[in-house]
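Novice: The structure under discussion is supplied below as structure tokens; questions concerning it will follow.
The values are calculated or read from the model by the stated rules, or taken from the named source; none is laboratory data. Here the structure is a predicted model, which is why all the values come from computation and not from measurement. No Cβ is skipped: glycine too gets one built from the backbone with ideal geometry, and neighbour counts run over all protein chains shown. For accessibility, only protein heavy atoms count, side chains too; no ligands or nucleic acids. Shrake-Rupley method; radii C 1.70, N 1.55, O 1.52, S 1.80 Å.
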Amino acid sequence: MQKLRSSFLDFSIADLNFLANIGIMLPYVLILFKYQQTHSVNYLVGMIVFYVARAASVFTTKRLNLKSSVYLLMCLWLGIVGSVIYGVTSNLIWLIIGGLCLGYTSANIWPYFLTIKLHLTTSTDFKLKRLYWLIFGVLGLLFVVDFIFDLKYRLAFILLAVLFILALPAGRLLNQFSLAFYDEHAQAKRHPLKFWRIAIFIIFFIAMGLLTLLRKISLTIALPYVLGIVVLAIVLLNIELAADWKAMPANKLRIVNRGFLISIVLLFNSFFAYFILGKAGMYIVFALYLLGFEGGRPLYMALAHKVEAVAKNYARAGLIVGHLLALTTIPALYAIGLLLIALYVGFENPAINMSVYTDDENDPDLAIINKYRFSTYGGLLCQLCFFGLLVTVSALNHLKLMSFFNPTTTALKATYLHGLAWPMIALSLLVSLFTIYGQQYFKPSHSAA
């Protein structure tokens, strides 16, 4: 019996790790597939609610004086509720509630899981077994059954709810294991929310919801009004960024740049790749990103013979070269450019995690959440700049916005290359160069890691 219980806990922890890793994208993909299958307005609204809730949740979390281990359990329960709703009903009100639940979980399950994992690895001998990654693959295959037998994704959502349920014992176990950590580390005092920040937050995410709606359907709105919404959103985002600037003493620029780079590769280029790499472009970009994200640090550390400073220089050089190659229309060079950008993100990510977590000026229970908050700032800034350019290019060339997101021909390659790709990649390069060489100007008050 004891052996059976131990095996189940191993499975539960593996399940939790699986959900933490894929939770940011799997619910969104399932809702997107459901909408594409039904073309129902209800699922369109649910998808937009999910998207905006996912972006908003990382800013609203940690406002209660709760431990990260408790928030992790909240993510699991909200994941259960949201998944069950999408598995059993198509009612608009319920889909909105489910979208809010899944959006919060999608945004926060990984940072809270990583926070608890770091708490345990720094204070205990807690480690994840290699077997867990094999279990991830087996669990992932369960969703293929839904696709093969055309079960309308109902089974996929029910299976997702079951996975959240099976992860609850692991969540409770990690909560118990982390008690010793919390006994030794006093939680930082939470600052109450100010009314003006709540107002800005609401206005900003209403604007993001409207822009997301424009991106999902063919809707014509006068160019000045759309650009006005984009500019307003950028201004509000920067006000929010300035208000949060002191939340993390160091690494802010690196983290904002991380979010910007991820959006450049996964959001912009996953669509633009069609014009360079053809119909398989989106899948190739996803593969390149995963390869770079997982292999960036091992590759550069191996090339530098495990000398951190040398590896960092290699990664930065690769980042700059990657941007230049991504400006080309030569498929092989373009793909290598995106890979080099992804390799830099993969190299930086573990270093940023440990740097923010171990910084004496950071509350370790808030460090990873603050990291994702600043990363989300960078990602949203990239999205707003991209959408502003897309609206302008589409209006000047009398094109529908959906022509970029659902292309059927490469005839518009030159238009999007000159009007979108070159400005966006040039902007990304400038942000990266400022991050690399501008940090020295921020060192007098706060030392950067």
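Novice: Given the structure, is residue 17 more than 22 Å from residue 94 (Cβ to Cβ), touching a residue at least 60 places away in the same chain (Cβ under 8 Å), assigned to a helix (DSSP H, G or I) and open to solvent by 40 Å² or more (accessible area, probe 1.4 Å)?
Specialist: No; evaluated as a whole, the condition is false for this residue.
Novice: Quick check, is residue 372 at pLDDT below 85 and in a helix (DSSP H, G or I)?
Specialist: Yes.
Novice: Mind listing whichever residues of segment 392-407 are within 28 Å of residue 435 (Cβ to Cβ) and open to solvent by less than 10 Å² (accessible area, probe 1.4 Å)? Give the derivation first.
Specialist: Restricting attention to segment 392-407, the residues satisfying the condition of being within 28 Å of residue 435 (Cβ to Cβ) are 392-393, 404.
Listed by number, the list holds a single entry, 404.
Novice: While we're here: Being at pLDDT below 90 and loosely packed, with under 14 Cβ neighbours inside 10 Å is the filter here, so list the residues in segment 295-305 that pass it.
Specialist: Within segment 295-305, 305 is the sole residue that qualifies.
Novice: Further, regarding this structure: Which residue out of 88, 81, 41 is farther than 26 Å from residue 259 by Cβ, out of contact with any helix residue (DSSP H, G or I) (no Cβ under 7 Å at 6 or more places or on another chain), open to solvent by 50 Å² or more (accessible area, probe 1.4 Å) and modelled with pLDDT of 80 or more?
Specialist: 88
Novice: Give the residues of segment 306-332 that are open to solvent by less than 60 Å² (accessible area, probe 1.4 Å) and without any contact (Cβ under 8 Å) to a residue 12 or more places away in the chain, sorted by residue number.
Specialist: 310, 317, 328
Novice: Can I ask one more? Give, as residue ranges, the helices (runs of 4 or more DSSP H) completely inside segment 152-262 that count at least 3 residues that are at pLDDT 75 or above and open to solvent by less than 40 Å² (accessible area, probe 1.4 Å).
Specialist: 154-177, 195-216, 223-243
Novice: While we're looking at this one, here's another question. Considering segment 408-422 alone, what residues qualify as being open to solvent by 30 Å² or more (accessible area, probe 1.4 Å) and in contact with a helix residue (DSSP H, G or I) (Cβ under 6 Å, 6 or more places away or on another chain)?
Specialist: 410, 413
Novice: Now for a separate question. Can you pull out every residue in segment 270-284 that is assigned to a helix (DSSP H, G or I) and either open to solvent by 10 Å² or more (accessible area, probe 1.4 Å) or under 13 Å from residue 329 (Cβ atoms) (or both)? Walk me through how you get there before you give the answer.
Specialist: So in segment 270-284, the residues assigned to a helix (DSSP H, G or I) come out as 270-277, 281-284.
Across segment 270-284, the qualifying residues are 271, 272, 273, 274, 275, 276, 277, 281, 282, 283, 284.
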